[in-house]
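The values are calculated or read from the model by the stated rules, or taken from the named source; none is laboratory data. Predicted, not measured: the structure shown is a model, and the values here were computed from it. So basically every Cβ, Gly included, is an ideal-geometry build from the backbone, and we count neighbours across all protein chains shown. The area values use the complete protein model at the heavy-atom level, side chains included, leaving out ligands, DNA and RNA. Shrake-Rupley method; radii C 1.70, N 1.55, O 1.52, S 1.80 Å.
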Amino acid sequence: MEPSRTCMFVCFADPDWASCTLGVFLCQSCSDIHRNISQISKVKSILLAPWSDVEVEFMLSNGNDAAKAKYEQKVPAFYYRPTPTDCLLLREQWIRARYERKEFVCVERQEPYSSGYREGFLWKRGRDKGQFLSRKFILSERDGALKYFNKHDAREPKALMKIHTLNASFQPEKIGQPHGLQITYLKNNSTRNIFVYHEDGKEMVDWFNAIRAARFHYLQVAFPGAYDTDLVPKLTRNYIKEGYMEKTGPKHTEGFKRRWFTLDDRRLMYFKDPLDAYARGEVFIGSKENSYTVLPGLTPSTQGYHWQYGITIVTPDRKFLFTCETEEEQRDWMAAFQGVVNRPMLPQEYAGNCHGSAQDLANTTCTLVE
């Protein structure tokens, strides 16, 4: 059984499982998902299960390339294709969309996320005790915004999130819900986070792809003539890294405090709690060409820290000091920071949200304050 013997997510070069009814080869992770759609996909071990001559012939005449040609005829450019590292929800719904619902064969089945308008109710995390409350959401390409309403019959939205500032990222572990989605947008030039979920996984992924579709169409208008391959990476983004570190203040004399950090492209934000609506401070991380460097350890005179593995970020204006709990975390954060510093800055990154130079942006956002 040689044809197209690679998993659809390219998890392994030689997957050990196959769907003898769909004619595709699967890795362990994909095979677990296929078992949940047993009405259309029968999973068997390639090496351990008995195979009939008919099944072998079926696999030989099909394979993953053939399945892709059949089931992915009309995948919208904006539709998110999951990777092996994405959450279970995205991978499962991609498989169900392909084989169970045949969304990429019948275009009319893409209407929930392709129409330019979506309305429904999501559970949104509120301020009081972190409870999730049912809220009405409306996404409208015509209005250029995603809105939510505190009351089901309210005329005015509680928040209006402009499509051009939106980002959506699945965060099931952080939110504590298997379908948890973090939506960020700019409010008064500050990043605002909201956390939502829906009991129905398809509903949540449809919202995610509807946001991507709205941003895709906005970018097509904003950048006429741009190739889809240039626009698609800008639709949504996952964070480069998140986790706890300790930080100190600008004078380096304050005690270190444990905070949750999020590295979002070139912005390092910190929060007292991972589910805070607003960051308490941000650091803009430029490139090495602009005198940004990342160093292991802290200066010898530094005091007040509990975790032993230090990191120093040097900017044109000052040094930012952090500590990690383990050497592994220090290594991972260093690699993430170094990747950003090594990447040349794009012209639009010099402008940033403050419409100034990189130096101006450093002066305005490179502050970590309590």
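Of all residues in the stretch 308-328, which are within 13 Å of Gly297 (Cα to Cα) and surrounded by 18 or more Cβ atoms within 10 Å (Cβ to Cβ)?
Tyr309, Gly310, Ile311, Ile313, Phe320, Leu321, Phe322, Thr323, Cys324
Could you check how many residues of the stretch 318-330 are under 25 Å from Asn290 (Cβ atoms) and outside any strand (DSSP E or B)?
Residues flagged as under 25 Å from Asn290 (Cβ atoms) and outside any strand (DSSP E or B) within the stretch 318-330 amount to 2.
Quick check on my filter: what residues within the stretch 210-252 are closer than 30 Å to Trp333 by Cα and free of Cβ contacts under 8 Å to residues at least 12 places away in the same chain?
Thr229, Asp230, Pro233, Lys251
Out of the residues in the stretch 123-137 meeting the condition of being under 21 Å from the mean Cα position of the chain (by Cα) and of a type outside the set (Phe, Trp, Tyr), tell me which one is most open to solvent (accessible area, probe 1.4 Å).
It comes out as Arg125.
Can you pull out the residues in the stretch 207-235 that are among the small types (Gly, Ala, Ser) and in a helix (DSSP H, G or I)?
Ala210, Ala213, Ala214, Ala222
Out of the residues in the stretch 34-92 that are open to solvent by less than 40 Å² (accessible area, probe 1.4 Å) and among the polar types (S, T, N, Q), state the one that is farthest from Gln220 (Cα to Cα).
Ser45
To keep it simple, each residue is scored yes or no on (1) open to solvent by 70 Å² or more (accessible area, probe 1.4 Å); (2) modelled with pLDDT under 95; (3) touching a Lys or Arg at 6+ places or on another chain (Cβ under 7 Å).
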site	(1), (2), (3)
Asn188	yes, yes, no
Tyr218	yes, no, no
Lys247	no, no, yes
Asn290	no, yes, no
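Restricting to the stretch 292-307, what's the tally of residues that are at pLDDT 95 or above and in contact with an Asp or Glu (Cβ under 9 Å, 6 or more places away or on another chain)?
Residues in the stretch 292-307 being at pLDDT 95 or above and in contact with an Asp or Glu (Cβ under 9 Å, 6 or more places away or on another chain): 1 in total.
Going by what's in this entry, would Val105 be described as more than 23 Å from the chain's Cα centre (by Cα), of a type in the set (Val, Ile, Thr) and part of a loop (DSSP other than H, G, I, E, B)?
The answer is yes for Val105.
How do the pairs read when you match residues in the stretch 114-143 that are assigned by the TED database to the domain that holds Lys74 with residues anywhere that are modelled with pLDDT of 95 or more, using Cβ under 7 Å and keeping only pairs 6 or more apart or on different chains?
From residues that are assigned by the TED database to the domain that holds Lys74, there are no pairs.
Which one of the conditions (1) under 18 Å from Arg192 (Cβ atoms); (2) open to solvent by less than 30 Å² (accessible area, probe 1.4 Å); (3) in contact (Cβ under 8 Å) with a residue 24 or more places away in the chain does Phe271 fail to meet, given that it meets all the rest?
The failed condition is (3).
Which residue is farthest from Phe104 (Cα to Cα), if the candidates are limited to the stretch 41-73 and must be free of Cβ contacts under 8 Å to residues at least 40 places away in the same chain and in contact with a helix residue (DSSP H, G or I) (Cβ under 6 Å, 6 or more places away or on another chain)?
Val43
Taking the condition of being open to solvent by less than 20 Å² (accessible area, probe 1.4 Å) and either outside any helix (DSSP H, G or I) or in contact (Cβ under 8 Å) with a residue 60 or more places away in the chain (or both), how many residues in the stretch 145-165 meet it?
Residues meeting the conditions: 6.
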